[in-house]
1. In the list Ala105, Ala116, which residue meets the criterion of being out of contact with any strand residue (DSSP E or B) (no Cβ under 9 Å at 6 or more places or on another chain), within 14 Å of Thr223 (Cα to Cα) and surrounded by fewer than 21 Cβ atoms within 10 Å (Cβ to Cβ)?
2. List the residue pairs whose Cβ atoms are under 8 Å apart, where the first residue sits in the stretch 23-46 and is within 16 Å of ligand 1 (Cβ to nearest atom), the second is in a helix (DSSP H, G or I) and among the charged types (D, E, K, R), and the two are 6 or more positions apart or on different chains.
3. For the stretch 230-261, name all the residues that are modelled with pLDDT of 75 or more, among the polar types (S, T, N, Q) and away from ligand 2 (no atom under 16 Å from the Cβ).
4. Let me spell it out: the conditions are (1) surrounded by 17 or more Cβ atoms within 10 Å (Cβ to Cβ); (2) in contact with a Pro (Cβ under 8 Å, 6 or more places away or on another chain), and Leu143 meets all of them except one. Which number is the exception?
5. Out of the residues in the stretch 47-86 that are within 16 Å of ligand 1 (Cβ to nearest atom) and among the aliphatic types (A, V, I, L, M), state the one that is nearest to Asp154 (Cα to Cα).
6. What are the pairs, 6+ residues apart or on separate chains, where a residue within the stretch 50-67 that is under 17 Å from Glu4 (Cα atoms) has its Cβ under 8 Å from a residue that is within 16 Å of ligand 2 (Cβ to nearest atom) and among the aliphatic types (A, V, I, L, M)?
7. Look at the stretch 104-129 and say how many of its residues are under 24 Å from Gly141 (Cα atoms) and assigned to a loop (DSSP other than H, G, I, E, B).
8. Quick check on the stretch 46-71: of everything there that is among the hydrophobic types (A, V, I, L, M, F, W, C) and more than 21 Å from the chain's Cα centre (by Cα), which residue is farthest from Arg20 (Cα to Cα)?
Amino acid sequence: MSLERSQIKAFRQSQKLADRLRELGNAGKAGEVGACGKFWTFYVCHECGQFCYLAKFRCGHRLCAQCGRKRVYRLLESLGGVLNEIKNPKLLTVSLRSRPCGELADSLRELWAAFARLRHRAIWKKVNGSIVSLEITYNPGSLSFHPHLHILLDADYIPWVALHAAWVQVSHGCGNAVYIQKCRTGWQRELIKYVTKVADLLQDLEALREFLRATKGKRFIRTYGTLYNAGAEREDVSEVPVCSGCGAPMHLEQECVSITLLGVNRLDRVKVGECEYGNQFHGPP
Ligand SMILES: [Zn+2]
Ligand SMILES: [Zn+2]
(Lines give C-alpha, C1' and ligand atoms only; values in the text may rest on other atoms or scores of the structure.)
(Ligands and ions follow the chains in the order given, each with its own letter.)
Protein backbone atom coordinates (compact mmCIF):
# COMPACT_ATOMS: atom_id res chain seq x y z
CA MET A 1 0.00 0.00 0.00
CA SER A 2 1.33 3.42 -0.87
CA LEU A 3 2.17 5.79 1.93
CA GLU A 4 -0.56 8.25 1.12
CA ARG A 5 -3.22 5.52 0.93
CA SER A 6 -2.22 4.03 4.27
CA GLN A 7 -2.21 7.56 5.69
CA ILE A 8 -5.76 8.10 4.51
CA LYS A 9 -6.81 4.72 5.87
CA ALA A 10 -5.33 5.64 9.25
CA PHE A 11 -7.14 8.99 9.07
CA ARG A 12 -10.48 7.27 8.48
CA GLN A 13 -9.89 5.04 11.47
CA SER A 14 -9.12 8.08 13.65
CA GLN A 15 -12.41 9.60 12.53
CA LYS A 16 -14.18 6.43 13.61
CA LEU A 17 -12.48 6.62 17.00
CA ALA A 18 -13.60 10.25 17.32
CA ASP A 19 -17.21 9.17 16.67
CA ARG A 20 -17.01 6.49 19.34
CA LEU A 21 -15.48 8.89 21.89
CA ARG A 22 -18.33 11.29 21.21
CA GLU A 23 -20.81 8.47 21.84
CA LEU A 24 -19.04 7.80 25.14
CA GLY A 25 -19.68 11.42 26.09
CA ASN A 26 -16.12 12.64 25.77
CA ALA A 27 -16.61 15.54 23.39
CA GLY A 28 -13.24 17.13 24.21
CA LYS A 29 -11.14 14.12 23.30
CA ALA A 30 -13.40 13.40 20.35
CA GLY A 31 -12.66 16.87 19.00
CA GLU A 32 -8.93 16.37 19.33
CA VAL A 33 -8.91 12.97 17.67
CA GLY A 34 -11.23 14.26 14.95
CA ALA A 35 -8.80 17.08 14.14
CA CYS A 36 -5.76 14.82 14.06
CA GLY A 37 -4.17 14.77 10.63
CA LYS A 38 -7.03 16.66 9.00
CA PHE A 39 -4.88 19.50 7.72
CA TRP A 40 -1.35 19.41 6.50
CA THR A 41 1.33 21.96 5.81
CA PHE A 42 3.15 21.67 2.53
CA TYR A 43 6.93 22.17 2.59
CA VAL A 44 9.37 22.32 -0.30
CA CYS A 45 13.15 22.10 -0.35
CA HIS A 46 14.48 24.94 -2.49
CA GLU A 47 17.81 23.19 -2.87
CA CYS A 48 16.76 19.89 -4.41
CA GLY A 49 13.01 20.03 -4.97
CA GLN A 50 11.99 17.37 -2.48
CA PHE A 51 8.65 18.08 -0.83
CA CYS A 52 6.74 16.81 2.17
CA TYR A 53 3.53 17.26 4.11
CA LEU A 54 3.44 17.66 7.89
CA ALA A 55 0.29 17.34 9.93
CA LYS A 56 -0.87 20.60 11.52
CA PHE A 57 -2.14 18.84 14.61
CA ARG A 58 -1.60 15.48 16.30
CA CYS A 59 -3.92 14.28 19.06
CA GLY A 60 -1.54 11.79 20.69
CA HIS A 61 -4.42 9.51 21.67
CA ARG A 62 -3.34 5.95 22.47
CA LEU A 63 -5.83 4.42 20.05
CA CYS A 64 -5.36 6.95 17.25
CA ALA A 65 -4.17 5.02 14.22
CA GLN A 66 -2.29 8.02 12.83
CA CYS A 67 -0.48 8.83 16.06
CA GLY A 68 0.26 5.11 16.43
CA ARG A 69 2.06 5.17 13.08
CA LYS A 70 4.03 8.20 14.08
CA ARG A 71 4.92 6.67 17.44
CA VAL A 72 6.23 3.57 15.70
CA TYR A 73 8.42 5.61 13.36
CA ARG A 74 9.81 7.70 16.19
CA LEU A 75 10.51 4.76 18.44
CA LEU A 76 12.24 2.84 15.68
CA GLU A 77 14.32 5.88 14.95
CA SER A 78 15.36 6.43 18.54
CA LEU A 79 15.88 2.71 19.21
CA GLY A 80 17.75 1.98 16.00
CA GLY A 81 21.28 2.39 17.31
CA VAL A 82 20.66 0.56 20.58
CA LEU A 83 18.93 -2.37 18.90
CA ASN A 84 21.74 -2.93 16.45
CA GLU A 85 24.20 -3.16 19.33
CA ILE A 86 22.48 -6.18 20.88
CA LYS A 87 24.45 -9.32 20.11
CA ASN A 88 21.70 -11.90 20.64
CA PRO A 89 18.31 -10.26 20.33
CA LYS A 90 15.38 -12.53 21.11
CA LEU A 91 11.68 -11.92 21.23
CA LEU A 92 9.72 -13.44 24.05
CA THR A 93 5.94 -13.32 24.30
CA VAL A 94 4.17 -14.21 27.52
CA SER A 95 0.47 -14.08 28.25
CA LEU A 96 -2.22 -15.08 30.69
CA ARG A 97 -5.51 -16.69 29.74
CA SER A 98 -8.04 -14.46 27.97
CA ARG A 99 -10.44 -12.81 30.35
CA PRO A 100 -14.05 -11.73 29.84
CA CYS A 101 -15.03 -8.06 29.66
CA GLY A 102 -15.07 -6.45 33.06
CA GLU A 103 -11.76 -8.00 34.14
CA LEU A 104 -9.25 -6.10 32.04
CA ALA A 105 -7.88 -3.93 34.85
CA ASP A 106 -7.38 -6.99 37.06
CA SER A 107 -5.73 -9.01 34.34
CA LEU A 108 -3.33 -6.16 33.52
CA ARG A 109 -2.32 -5.92 37.15
CA GLU A 110 -1.79 -9.68 37.33
CA LEU A 111 0.18 -9.77 34.10
CA TRP A 112 2.67 -7.12 35.23
CA ALA A 113 2.93 -8.69 38.68
CA ALA A 114 3.70 -12.09 37.16
CA PHE A 115 6.34 -10.52 34.96
CA ALA A 116 7.90 -8.80 37.97
CA ARG A 117 8.16 -12.21 39.68
CA LEU A 118 9.70 -13.70 36.54
CA ARG A 119 12.39 -11.03 36.58
CA HIS A 120 13.39 -12.14 40.06
CA ARG A 121 13.79 -15.76 39.05
CA ALA A 122 17.23 -17.33 38.64
CA ILE A 123 16.56 -17.86 34.93
CA TRP A 124 16.38 -14.10 34.40
CA LYS A 125 20.03 -13.74 35.47
CA LYS A 126 20.96 -14.56 31.87
CA VAL A 127 19.10 -11.46 30.71
CA ASN A 128 21.21 -8.34 30.44
CA GLY A 129 18.42 -6.03 29.42
CA SER A 130 14.90 -5.97 28.06
CA ILE A 131 12.25 -3.81 26.45
CA VAL A 132 8.73 -4.87 27.29
CA SER A 133 5.73 -3.80 25.32
CA LEU A 134 2.14 -4.46 26.31
CA GLU A 135 -0.36 -5.46 23.67
CA ILE A 136 -4.06 -5.85 24.38
CA THR A 137 -6.23 -7.57 21.84
CA TYR A 138 -9.98 -7.72 22.03
CA ASN A 139 -12.02 -10.57 20.65
CA PRO A 140 -15.52 -9.32 19.74
CA GLY A 141 -16.71 -12.90 19.24
CA SER A 142 -16.00 -14.14 22.75
CA LEU A 143 -16.21 -10.67 24.34
CA SER A 144 -12.82 -11.15 25.94
CA PHE A 145 -9.53 -9.32 26.30
CA HIS A 146 -6.17 -10.91 25.77
CA PRO A 147 -3.35 -8.82 27.21
CA HIS A 148 0.16 -10.08 26.58
CA LEU A 149 3.73 -8.86 26.76
CA HIS A 150 6.20 -8.74 23.89
CA ILE A 151 9.65 -8.71 25.38
CA LEU A 152 12.86 -7.97 23.55
CA LEU A 153 15.70 -9.70 25.36
CA ASP A 154 19.36 -8.94 25.30
CA ALA A 155 20.32 -12.38 26.56
CA ASP A 156 22.35 -15.49 25.90
CA TYR A 157 20.69 -18.84 25.37
CA ILE A 158 17.59 -19.43 27.49
CA PRO A 159 16.01 -22.89 27.33
CA TRP A 160 12.34 -22.66 26.43
CA VAL A 161 11.30 -25.48 28.76
CA ALA A 162 12.78 -23.79 31.82
CA LEU A 163 11.30 -20.46 30.81
CA HIS A 164 7.88 -21.97 30.31
CA ALA A 165 8.03 -23.71 33.70
CA ALA A 166 9.05 -20.45 35.37
CA TRP A 167 6.18 -18.55 33.69
CA VAL A 168 3.60 -21.13 34.78
CA GLN A 169 4.88 -20.78 38.35
CA VAL A 170 5.00 -17.00 38.53
CA SER A 171 1.55 -16.72 36.93
CA HIS A 172 0.14 -19.18 39.46
CA GLY A 173 -0.92 -21.51 36.68
CA CYS A 174 -2.74 -18.85 34.68
CA GLY A 175 0.01 -18.40 32.12
CA ASN A 176 -1.05 -20.05 28.93
CA ALA A 177 1.49 -19.10 26.31
CA VAL A 178 5.20 -18.56 26.02
CA TYR A 179 6.92 -18.04 22.70
CA ILE A 180 10.56 -17.34 22.25
CA GLN A 181 12.19 -16.73 18.92
CA LYS A 182 15.35 -15.41 17.39
CA CYS A 183 14.74 -12.05 15.85
CA ARG A 184 13.95 -11.96 12.16
CA THR A 185 13.89 -9.01 9.84
CA GLY A 186 11.16 -6.59 10.80
CA TRP A 187 10.99 -7.73 14.41
CA GLN A 188 11.52 -4.17 15.66
CA ARG A 189 8.15 -3.26 14.19
CA GLU A 190 6.58 -6.33 15.79
CA LEU A 191 7.84 -5.23 19.19
CA ILE A 192 6.26 -1.84 19.25
CA LYS A 193 3.00 -2.08 17.35
CA TYR A 194 1.58 -2.46 20.81
CA VAL A 195 -2.07 -1.79 20.24
CA THR A 196 -3.28 -3.82 17.32
CA LYS A 197 -6.70 -4.50 15.91
CA VAL A 198 -8.12 -1.23 17.09
CA ALA A 199 -10.94 -1.94 14.65
CA ASP A 200 -12.20 -4.77 16.88
CA LEU A 201 -12.32 -2.43 19.84
CA LEU A 202 -14.13 0.30 17.93
CA GLN A 203 -16.99 -2.09 17.16
CA ASP A 204 -17.90 -2.44 20.81
CA LEU A 205 -18.61 0.67 22.85
CA GLU A 206 -18.53 -1.07 26.24
CA ALA A 207 -15.21 -2.78 25.49
CA LEU A 208 -13.76 0.55 24.38
CA ARG A 209 -14.95 2.21 27.57
CA GLU A 210 -13.31 -0.52 29.63
CA PHE A 211 -10.07 -0.36 27.65
CA LEU A 212 -9.80 3.41 28.11
CA ARG A 213 -10.51 3.16 31.83
CA ALA A 214 -8.10 0.30 32.49
CA THR A 215 -5.21 1.85 30.57
CA LYS A 216 -5.61 5.50 31.58
CA GLY A 217 -2.24 6.94 32.55
CA LYS A 218 -0.58 3.52 32.27
CA ARG A 219 2.64 2.90 30.43
CA PHE A 220 2.66 0.38 27.62
CA ILE A 221 6.44 0.17 27.28
CA ARG A 222 8.91 -0.54 30.06
CA THR A 223 12.66 -0.94 29.88
CA TYR A 224 15.13 -2.73 32.11
CA GLY A 225 18.85 -3.36 32.57
CA THR A 226 21.13 -2.48 29.67
CA LEU A 227 18.10 -1.28 27.70
CA TYR A 228 16.78 0.94 30.49
CA ASN A 229 15.40 4.16 29.03
CA ALA A 230 16.34 3.11 25.50
CA GLY A 231 14.24 5.03 23.04
CA ALA A 232 12.82 7.43 25.61
CA GLU A 233 10.55 9.89 23.84
CA ARG A 234 12.33 13.00 22.69
CA GLU A 235 10.62 16.27 21.99
CA ASP A 236 10.88 17.68 18.52
CA VAL A 237 13.44 20.46 18.68
CA SER A 238 12.46 22.29 15.57
CA GLU A 239 9.20 23.03 13.81
CA VAL A 240 10.89 23.43 10.46
CA PRO A 241 11.46 20.12 8.71
CA VAL A 242 14.83 19.26 7.28
CA CYS A 243 15.03 17.86 3.75
CA SER A 244 15.56 14.10 3.80
CA GLY A 245 17.34 14.40 0.44
CA CYS A 246 19.96 17.09 1.02
CA GLY A 247 19.63 18.17 4.66
CA ALA A 248 18.65 21.78 3.94
CA PRO A 249 15.84 23.41 5.94
CA MET A 250 12.59 23.23 3.97
CA HIS A 251 10.35 26.16 3.09
CA LEU A 252 6.70 26.46 3.95
CA GLU A 253 4.78 26.58 0.69
CA GLN A 254 1.16 26.28 1.76
CA GLU A 255 -0.74 25.85 5.01
CA CYS A 256 -3.91 23.89 5.66
CA VAL A 257 -3.94 21.41 2.81
CA SER A 258 -6.88 19.17 3.58
CA ILE A 259 -6.34 15.42 3.76
CA THR A 260 -9.22 14.93 1.35
CA LEU A 261 -7.19 16.88 -1.20
CA LEU A 262 -4.35 14.42 -0.72
CA GLY A 263 -6.76 11.56 -1.21
CA VAL A 264 -9.12 12.67 -3.93
CA ASN A 265 -6.77 14.49 -6.24
CA ARG A 266 -3.82 12.20 -5.66
CA LEU A 267 -0.54 13.86 -4.97
CA ASP A 268 0.79 13.94 -8.48
CA ARG A 269 -2.11 16.14 -9.53
CA VAL A 270 -2.04 18.53 -6.59
CA LYS A 271 -1.03 21.91 -7.93
CA VAL A 272 0.34 24.23 -5.32
CA GLY A 273 1.35 27.62 -6.67
CA GLU A 274 4.09 27.29 -9.24
CA CYS A 275 5.37 24.10 -7.71
CA GLU A 276 6.56 21.64 -10.31
CA TYR A 277 8.40 19.35 -8.00
CA GLY A 278 8.30 15.58 -7.99
CA ASN A 279 5.46 13.67 -6.46
CA GLN A 280 7.21 12.20 -3.51
CA PHE A 281 5.16 11.91 -0.36
CA HIS A 282 6.56 11.65 3.10
CA GLY A 283 4.22 10.27 5.67
CA PRO A 284 4.65 10.99 9.32
CA PRO A 285 6.85 12.12 10.82
ZN1 LIG B 1 -3.89 11.30 16.51
ZN1 LIG C 1 16.74 19.06 -0.43
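The values are calculated or read from the model by the stated rules, or taken from the named source; none is laboratory data. The model shown is predicted, which means the values in this text are computed figures rather than measured ones. Cβ: placed from backbone, ideal geometry, glycine included. Neighbour counts: every protein chain shown.
1. Exactly one residue qualifies, and that residue is Ala116.
2. Listed by first residue and then by second, the contacts come to Ala30/Asp19; Ala30/Arg22.
3. The answer is Gln254, Ser258.
4. (1)
5. Here the residue is Leu75.
6. Sorted first by the residue in the stretch 50-67, then by its partner, the pairs are Gln50/Val44; Gln50/Met250; Phe51/Val44; Phe51/Met250; Cys52/Met250.
7. 0
8. Taking the candidates together, the pick is Cys48.
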